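A quick write-up on the structure given underneath.
Quick note: the coordinates plus some simple rules give every number you see, no bench work behind them. Treat the numbers as computed from the prediction; the structure is a model and nothing was measured. Ideal geometry is used to build each Cβ from the backbone, glycine not excepted, and the neighbour counts take in all protein chains shown.
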Amino acid sequence: MTEAELEQWALLADWSAERVEWLRIFLRRFAIVPSPHDLVVKWAEAMVSARRAGRRIETADAWIAATALLYGGPLLTHNKSDYLGVAGLRFAGD
C-alpha cells in the first residue's frame, strides 16, 4: 500500500483534520520508501500495458509489477492472472 492510497482513504472517509494528523503521525513509525521517477514511469507503463491488452490491473499490483520490471527481478505471486497483460514481466518459477 502506498502513502498516497492511505491519504486517499482518509479523504474518501471524510476524516477530520485531527484524525488525518493522527494517521500521519502513525505512519512515521514505518519506513516509507520514496518512489523514484523511474519507478513511477514503470508503474504508468504497467497500467497502460494491461489496459491495452484488455486487462485491468489493480493500483497496488501495478506498483509491484513496476518494481519487478525496474529492478529486473522475477515476480513471485500465487496469482499470475492479476498481472496478465503487463508486457515484459517475468514470474519466479517460470
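To the nearest 20 debye, what is the magnitude of the charge dipole of the chain about its Cα centre, counting +1 on the Cβ of each Lys and Arg and -1 on the Cβ of each Asp and Glu?
280 debye
What's the long-distance tail for the range 8-52, i.e. % of Cα pairs beyond 14 Å?
Counting pairs separated by more than 14 Å, the tail of P(r) holds 67 percent.
Any idea how far the Cα center of the range 20-70 sits from the one of the range 74-93, in Å?
First find each Cα centre; the distance between them is then 15 Å.
Which is farthest toward the positive dipole end of the chain among PHE26, VAL86, ALA60, measuring Cα position about the Cα centre, with Cβ charges +1 (Lys, Arg) and -1 (Asp, Glu)?
It is VAL86.
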